[in-house]
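J.: Please read through the structure below; I'll follow up with questions.
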Amino acid sequence: MRLVAEKLCRSFGPRKIFGPLSFATSPGRVLGIAGANGSGKTTLVRTLVGLIRPSSGSVWLEDESLPAGRITVRDANGSIGWCAPDLALYAELTPAENLEFFARVAGRPIPREEAERRIAEVGLDPKRLRTIRTRFLSTGQRQRVKLAYAVLGSPAVLFLDEPGSNLDEAGHRAVEEIVAAQRARGSVVLATNDPVELALADERVDL
Amino acid sequence: MILRAAAAVFVKDLRTEWRTRVALNALLLFAFSVLILVGYAVGPTRLALEDRPIVNSVLLWIVLFFSAMTGLSRAFVNEEETGTASALRLSAPPAAVFLGKLLGNLALLGVVMALVVPLFLALMSFGIAAPGLFLAILAFGAIGLASASTFIAAIVAKTAAKGALFAVLATPLLLPPLVAAVTGTRIAATEPELAAGLDAVRLLFAFDGIMITASFLLFDAVWRE
Amino acid sequence: MKVLGSVGKVVLGVGMAVILWAAFLYAHPAESFIGESSRIVFFHVPTAWISALAFLLAAWHSALYLKTRKIERDDAAASAARLGVLFCVLATVTGSLFAKVMWNSYWNWDPRQTSIVLLLLVYGAYLGLRQAIEEPERRATLSAAYALVAFATVPFLMFAVPRMYASLHPDTVINARGKVEMSPDIKLVFFTSMIAFTALFAWMYALDVKATRLVRRLEERADGGHTA
């Protein structure tokens, strides 16, 4: 599945944030989005995942298997994974409960063991976290749970916005592993300031 | 699929509410304070006999209405404030979110009513001649309050003013059903015949139907802008 | 959008003056109304009709905004709601004056008075919501949704609540007011007035939409950005 953006623009009232931008991702590849703080990376990613309506232009997912050949990202429930600084999980639920909840509302319920396995995959100890609500986790731990949330539905396109923020050395390696695993499944859109992370990208869009 | 997702949202909200009890505590505390105020200031005997049904009906619905105004906006305000709304938007079908939140608000209001209404009846020695009619009015009134509140909550959660706007937007929409609920309650207090209050029940039912239908049609536009 | 050319404006101005004259000096007071009170029909009914028309327009443009996401639709909806509130106030005041003469009290919760005051509250809340949101698109979307939900409940205000009240106060005033057969002179002035008020509204509406649009553009320019 390919993500295609065409002449994508977004402004808030009079203030222009980005655009027009045209680009596409392809399976197995990582598209980097680079830009200084305040250059509109986060807004671009939010537009790409369908959380913000573009002011003009369009973005869609393309695949031969789809009935019309393409769907808008807004209808692509589940084909998209997203991890970003402005993503928050439910503070009063444990990490495993969060994953279970999001899997259930997306229509693909998973058992508790599966949720705990996903948590172990991002380098956390699911047994120790069994009774700990997300609000009591450290920022880095929470970031890891967010990564687990992003890959929960085995997405065709994975959007990572500053995935390495607040992560330690092991955490950065976990991000790299996630990106590597995603290459086998689909494509990655990686918005970051970190030159090390940006080196993972095959193509680049500069804002 | 929608129903299962809605149930998940409902259970999630219930679980969160159970662990924090913020909304429930606020609602109950408010309802009880007003109840005590009313009970102390008005009491069961201070009213002229012929005034009792109408005044008590008005007071009961004022207590319930303002309780709804204090607690029911949290349904969406919380999601937007903590930033969980984005993840929910990406994962869940909008209709399921609305239905789940509506059920949550209904449950909250139900708990409040189950505690407040009997207390009110006892405190004010407010006798009900037609309990069936009274229950119907309470049920349909609660659905009306909850559905309008849930939709308005989705709107105000996206504004800066939030709480202040909530009552401003919800009150005009809720006046017609409240008038019907008060009238129905008064009739239930005085007329043992169920049929006497049928007009009020019908009115509430119509409002609930319109409100829920309109909300479902428009919710996606509000939720995902 | 130019609704009235200069000839149209002159015709409307002269027409309004003639209507004013005719309402007080040409038409005869209707029977079964106290004194000269029936003359208010030439102003009260047109303002009420215009406010209904304006709220209809507001809902129409709101629905189209949600469909097309063209911000011009939002300008149109906002202007319609604003003018609707204005004419609704006029209708309330004229109705209230009539009530004073006929029933000796400005306000007696007649079903129509009840529903009109609810309408004022609803659209007042709509305008309040608009003021509370800074970002134009968000303002447009949220207020359109509110306008449509409000519009869905308007039939309620118009029909159900009056019935509720009518059952409380059995058949007091509404029948006395039913437009009995108008005499030809009253009919002539009445319908001329309806047409003139509708033209006046069309003109005001076009101007207000234009003004709203200009204000929005000026705000955009003042911020130095450009909107795609």
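The values are calculated or read from the model by the stated rules, or taken from the named source; none is laboratory data. Quantities reported herein were computed from a predicted structural model and do not represent experimental measurements. Using ideal geometry, Cβ is built from the backbone for each residue, glycine included, and neighbour counts are taken over all protein chains shown. Just so you know, the surface numbers come from the protein's heavy atoms only, side chains and all, with ligands and any DNA or RNA stripped out. Shrake-Rupley method; radii C 1.70, N 1.55, O 1.52, S 1.80 Å.
J.: Could you report the buried accessible area between B and C, both sides summed, computed with a 1.4 Å probe and given in Å² to the nearest 100?
T.: 2500
J.: From the protein chains alone at 1.4 Å, what is the descending order of accessible area for A:ASP168, A:ASP161, largest first?
T.: The ranking, largest first, comes out as A:ASP168, A:ASP161.
J.: Calculate how many DSSP beta bridges within the protein assembly as shown are antiparallel, expressed in % of all such bridges and rounded to the nearest 5.
T.: Around 45 percent of the beta bridges assigned by DSSP in the protein assembly as shown are antiparallel ones.
J.: Which residues' amide hydrogens lie under 5 Å from the amide hydrogen of A:PHE159, considering only partners 5 or more residues apart or on another chain, with H built in the peptide plane?
T.: HN-HN under 5 Å from A:PHE159: A:GLY81, A:TRP82, A:CYS83, A:VAL189.
J.: Pop out the ³J(HN,Hα) list for segment C:22-36 in order, Karplus 6.51 cos²θ - 1.76 cosθ + 1.60 with θ = phi - 60°, rounded to Hz; leave Gly and Pro as x.
T.: 5, 4, 9, 10, 9, 5, 8, x, 6, 6, 6, 10, 5, x, 9
J.: Now a separate question. Cβ under 12 Å from B:PRO53's Cβ, B:PRO53 left aside: what net charge do those residues give with Lys, Arg +1 and Asp, Glu -1?
T.: Net of charged neighbours comes to -1.
J.: Grab the beta carbon distance between A:SER165 and C:GLN131, set R0 = 30 Å, and tell me the FRET efficiency rounded to 0.05.
T.: My answer for the efficiency is 0.20.
J.: Shifting gears a bit: Measure nothing fancy, just the Cα-based angle from helix A:139-150's long axis to the longest principal axis of chain A, in degrees from 0 to 90, nearest 10.
T.: Result, in degrees: 70.
J.: Using Cα atoms only, what is the angle between the long axis of helix A:112-121 and the major principal axis of chain A, expressed in degrees (0 to 90) to the nearest 10?
T.: Relative to chain A, helix A:112-121 is tipped by roughly 70 degrees.
J.: Let me ask something else. Which one of B:VAL156, A:LEU158, B:PHE140 is farthest out on the positive end of the charge dipole of the protein assembly as shown, using unit charges on Cβ (Lys, Arg +1; Asp, Glu -1) and the Cα centre as origin?
T.: A:LEU158
J.: Do the sum for chain B: with -39,500 (n - 2.57) for every DSSP H run of n ≥ 4, divided by all residues, what is the mean residue ellipticity at 222 nm, to the nearest 500 deg cm²/dmol?
T.: -28500 deg cm²/dmol
J.: Given the whole protein assembly as supplied and a 1.4 Å probe, what does the accessible area of A:ASP86 come to in Å², nearest 10?
T.: Near enough 50 Å² of accessible area.
J.: Further question on the same structure: Place a point 7 Å from the Cα of B:LEU135 along the Cα-to-Cβ direction; which residues of segment B:184-212 have their backbone N under 19 Å from it?
T.: Only B:184-202, B:204-205 fall inside the zone, counting backbone N under 19 Å.
J.: Along the Cα-to-C-beta direction of B:MET1, a point sits 7 Å from the Cα; which residues of segment A:61-102 have their amide N less than 14 Å from that point?
T.: Flagged as within label range: A:67, A:75-79.
J.: Please report, in Å, the Rg and the Dmax of the protein assembly as shown, where both are computed over Cα atoms only.
T.: 29.5, 93
J.: Related question: Got a sec to turn the phi values of segment A:98-107 into Karplus ³J(HN,Hα) couplings, 6.51 cos²θ - 1.76 cosθ + 1.60 with θ = phi - 60°, whole Hz, x for Gly and Pro?
T.: 4, 4, 4, 4, 5, 5, 5, 5, 7, x
J.: So which DSSP H runs in chain B come out at 20 Å plus along the axis (Cα) with average Kyte-Doolittle of at least -1.0?
T.: Sorted by number, the helices that extend far enough and score high enough are B:2-20, B:22-41, B:52-71, B:94-123, B:131-156, B:163-190, B:198-223.
J.: Can you work out the Karplus-derived ³J(HN,Hα) for every residue in segment A:2-16? Use 6.51 cos²θ - 1.76 cosθ + 1.60 with θ = phi - 60°, whole Hz, and x for glycine or proline.
T.: For segment A:2-16, the Karplus curve yields 10, 9, 10, 10, 10, 6, 6, 9, 8, 9, 9, x, x, 8, 7 Hz.
J.: Helix-derived [θ] at 222 nm for chain A: sum -39500 (n - 2.57) over DSSP H runs of at least 4, divide by residue count, nearest 500?
T.: -9000 deg cm²/dmol
J.: Now for a separate question. Report the label-to-label distance for C:ALA17 and A:ARG117 in nanometres (one decimal), using points 7 Å from each Cα along the Cα→Cβ vector.
T.: 8.9
J.: In addition: Take peptide A:70-80, look around each residue's Cβ out to 10 angstrom, count Cβ atoms belonging to other protein chains, and average those counts.
T.: 1
J.: Determine the per residue accessible area of chain A with all protein chains present and a 1.4 angstrom probe, expressed in square angstrom.
T.: Here the per-residue accessible area is 42 Å².
J.: Related question: From zero outward in steps of 10 Å, how is the percent of C-alpha pairs of segment B:1-105 spread across the bins?
T.: 14, 35, 23, 16, 10, 2
J.: On the full set of protein chains, 1.4 Å probe, figure out the accessible area of A:ARG173 and give it in Å² to the nearest 10.
T.: 130
J.: Could I ask something else about it? Non-local amide H neighbours of A:LYS16 (under 5 Å, H modeled in plane, Pro and chain starts lacking H): which ones?
T.: Under 5 Å from the amide H of A:LYS16 lie the amide H atoms of C:HIS226, each far enough along the sequence or on another chain.
J.: Near the amide H of B:PHE126, under 5 Å away, which other amide H atoms are found, from residues 5 or more places off or on another chain, if H is placed in the peptide plane?
T.: none
J.: Would you mind telling me which residue in B:ALA130, B:ALA157, B:ALA122 has the biggest mean-square fluctuation in a Gaussian network model of chain B, where springs connect alpha carbons within a distance under 10 angstrom?
T.: Top of the fluctuation ranking is B:ALA122.
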